[in-house]
Structure formats: C-alpha cells, structure tokens
Amino acid sequence: MNNEFKMKVKSIPGLSAFAVMVNREIVRPIRLALRHPLARKDNKALLKMLNGLQGAERPRVWYFGVPTHNNLGDQAQKFCILAWVEANCPGAEIVKISSRDFNGGTARTAVLLKRLVRPDDVIIMQSGHTMDGLHPDETAHRMIPDSFPGNRIVFFPTSIKFLSKRGMRRDIRAINAHPRTLFLARDAVSAEKARSIYPKVDVRLYPDVVTTLIGKYEFDGHRSGALLCTRNDGEKFYSYGEIDALADELERQIGSLAQTDTTVDLGGIDLDSKEAWSRIEKVIESYAHYRVVVTDRYHGTIFARIAGTPVVVLRTADHKVTSGAQWFEDAGDEAIAVAGDLASVPDLARGLMTRFPEGAAAPPFAAPYYEELHDLIEAM
C-alpha cells in the first residue's frame, strides 16, 4: 500500500478506524508470515539473552511489551517505568522483552521463561493503548498469566477500546483467571471497562506514568506562536483536510504556527540509550518555546504541560485523549481546555495565550499514586 493511498484512507476517520482493524486482522498476519525469518532471528537473540540469565541470584522484574518503535510517548513511558522500577526495586535485575522478539517464537520462549522466572519475581506490562483485542502486546497479556499463575503481574496504566470481540474474549479469559494481577487503568472509561470484564482483578485508576515528570523541569526563554501536534493514524477523529483548515485559521488568528507529531524519526539510534532519552527531553523542551499547544495526542498534551505550556486538546476516535485530560482538570489545572469542535479551537487557544503569556506550571498530581504503587505491589 503506497503512502498516497494511505493518506487518502486516513483522511476519512471512520474508514481509517476500519482500516486499522483490517490491517491487524488480515494484513498484519500476512506481513508477519512474510517476515517470519526475521522474526525468528529476533527471537533467537532474545533466547540467547535469556539463556545468559541462568544462575543469577538477584530478584528480577520482567518487563514485557518494551516498545521498539519511534513513538516518543511510548518511549517516554518506557523510560519512566524503568526509572520507577530502579527507584522502588533497588538491586533487582530488570529483564526487558519486546513483543517483536517475544512473538517471534512464543512457545519456545515460554518454555525457557518457566525455568527462569521465580515465584517472587514481578512481571510488568507496557503502558499505553495496548488493549484493543488486536495489539501485538496482547500475546504476552494472554500467555504470561497462564504460564505464571502465582506471580504478581502489573499492567502499567492502560487504555482499553476493543476492536475485536474475539480478542476481547481471549483477554478476559487469560487476565481474569489471574487474581494476582494489578491492572492500572489510564482513564475513567478504561477503568469502568476493566472492572466490568476483569471482576477478579484489582483495577485501579492511575495517571499515565509520563505525568510523573510534571514539576521536574524548569524551562527559560522566550515563548512565541503556537504548536499544532496531530496524529497520523487510525485514531484520528478529524480528517487531514479539516486539520489543514484548522492550521490555516490558527495561523491567521494567532500568527506563527509550527506543526509536528509525537511519532518522529529517531535516526536509528539505540532506543534504550541515554541519547534516546535526551532526544525526548529536547522535544519536551521545544514545547516550552510556544505560547500554546493544540493537539490530539495524549503525550502531546502531557509534554506540553511538563513544559509549562497551555494546551488545547482535540477529540480523537476514542476516549483516551479527552478522558486523559480529565486528570489535569480534576487537579485544578487551568491551562488546559478540551475543544468540543474545531470551530472553538482558535478562541480557546487565544484565551489561554492571553491568560498565561509566560506559560503556567501544571499541578504534579501523579506523585501520590506512584509513591504508593510499591506498597500495592508488595501487598498482592
């Protein structure tokens, strides 16, 4: 499928969401079959790494679903999860396993893991929108609870919106059968859904782990203009044409306007490196140069508020961005506004720019949640 055709499909939000389902149900299995030799190679590298762990004495934290793509929000989640584990599980060995590597040979990987995972080891799952019934991370979501019924499993803050009923049934069967699971729902809608389908699991409403960075940075410098950060995937609500028209109107009413997304080309750098984390911090810092951010990306929202920049939140095809904004509003953050439609965006943006010409710090609401998380896990 060429890029021009993809753009045409993605410009029709309803069709775009349908295309995502078709891609994951039909196209993705075909693509996985075609890249099977490469997947086997990735899995062999994982098995080699796991074999090197035998004989270690330290307790382990097993981290599944480690992202291997260039979405800065997912990568920021990874770094924040690792920072939390290092701070709260001192001395523990962290074993990182991506879905790409795991899914290249699940059966033989599970056999090896059963020899390595000890009863007191903690298993954590990657945060984000990883639960739609078709997501690559869900292979581990289903196999790991069955393979390790006695271990503690923690889903870091997760959004739920199922595209596949069959996938949902498989998730329910695996996760609900594992009572030593702590499921952290990233928004109220997902929490309600999780409580209804996982009644045997401890479900807690928790803010996205990247919100723990709020209040940890101070940025100086001149602010000017606006930043429009919009997504390029099936979760978009507004078409490309509508976003282009919004950009024209913002530029007409506000002046200088830059455009970006939170999925960027990182140039092939090691995604676990200090350089990768530095790139994320530089992106956050760049948000501090604007007077307002307009975005339909949840991590665009979070990055803006880490940078102390007011933000206007746009709708997406699901609930996660607008529901996620509720965390800020409930914390008393006055420098955030959710736009009911595109027509209201320029006025909302100008209003925030007028009220907060030098930016505004966001309340650090996530700290109490993550300070108690270790005790919750210990009590499981």
Discussion item. Can you tell me how many residues within the range 198-222 are open to solvent by less than 10 Å² (accessible area, probe 1.4 Å) and acidic (Asp, Glu)?
Written reply: 1
Discussion item. Looking for something touching a Leu at 6+ places or on another chain (Cβ under 6 Å) and within 23 Å of Tyr240 (Cα to Cα) - is there at least one such residue anywhere in the range 314-336?
Written reply: no
Worksheet item: Quick one: which of Ala107, Ala76 is outside any loop (DSSP other than H, G, I, E, B), open to solvent by 30 Å² or more (accessible area, probe 1.4 Å) and more than 18 Å from Val122 (Cα to Cα)?
Response: Ala107
Discussion item. Looking only at the range 245-269, count every residue that is surrounded by 14 or more Cβ atoms within 10 Å (Cβ to Cβ), charged (D, E, K, R) and either under 16 Å from Leu314 (Cβ atoms) or within 21 Å of the chain's Cα centre (by Cα) (or both) and tell me the total.
Written reply: 2
Item to complete: Identify, from the list Leu184, Leu163, the residue that is outside any loop (DSSP other than H, G, I, E, B) and either modelled with pLDDT under 95 or within 30 Å of Phe328 (Cα to Cα) (or both).
Response: Leu184
Item to complete: Considering each residue of the range 336-356, count those that are in contact with a strand residue (DSSP E or B) (Cβ under 7 Å, 6 or more places away or on another chain) and either open to solvent by less than 40 Å² (accessible area, probe 1.4 Å) or aromatic (Phe, Trp, Tyr) (or both), and give that number.
Response: 7
Discussion item. If Phe156 meets every condition in (1) farther than 19 Å from Gln126 by Cβ; (2) open to solvent by less than 10 Å² (accessible area, probe 1.4 Å) apart from one, which number is that one?
Written reply: (1)
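Just checking, does the range 304-313 include any residue being hydroxyl-bearing (Ser, Thr, Tyr), touching a residue at least 12 places away in the same chain (Cβ under 8 Å), farther than 23 Å from Tyr206 by Cβ and open to solvent by less than 40 Å² (accessible area, probe 1.4 Å)?
Yes: the range 304-313 contains one or more residues that are hydroxyl-bearing (Ser, Thr, Tyr), touching a residue at least 12 places away in the same chain (Cβ under 8 Å), farther than 23 Å from Tyr206 by Cβ and open to solvent by less than 40 Å² (accessible area, probe 1.4 Å).
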Response to the item:
Note on Trp277: of the conditions (1) among the hydrophobic types (A, V, I, L, M, F, W, C); (2) open to solvent by less than 20 Å² (accessible area, probe 1.4 Å); (3) over 21 Å from Thr158 (Cα atoms); (4) out of contact with any Gly (no Cβ under 7 Å at 6 or more places or on another chain), unmet is (2)
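Here is a yes/no grid of residues against (1) open to solvent by 30 Å² or more (accessible area, probe 1.4 Å); (2) closer than 29 Å to Glu235 by Cα:
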{"position": "Asp121", "(1), (2)": "no, no"}
{"position": "Asp137", "(1), (2)": "no, yes"}
{"position": "Pro149", "(1), (2)": "yes, no"}
{"position": "Leu163", "(1), (2)": "yes, yes"}
{"position": "Met168", "(1), (2)": "yes, yes"}
{"position": "Asp171", "(1), (2)": "no, yes"}
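The values are calculated or read from the model by the stated rules, or taken from the named source; none is laboratory data. Note that the structure is predicted; figures quoted are calculated from it, not measured. We place every Cβ from the backbone using ideal geometry, glycine too, and count neighbours over all the protein chains shown. Just the protein is used for accessible areas: all its heavy atoms, side chains included, with ligands, DNA and RNA removed. Shrake-Rupley method; radii C 1.70, N 1.55, O 1.52, S 1.80 Å.
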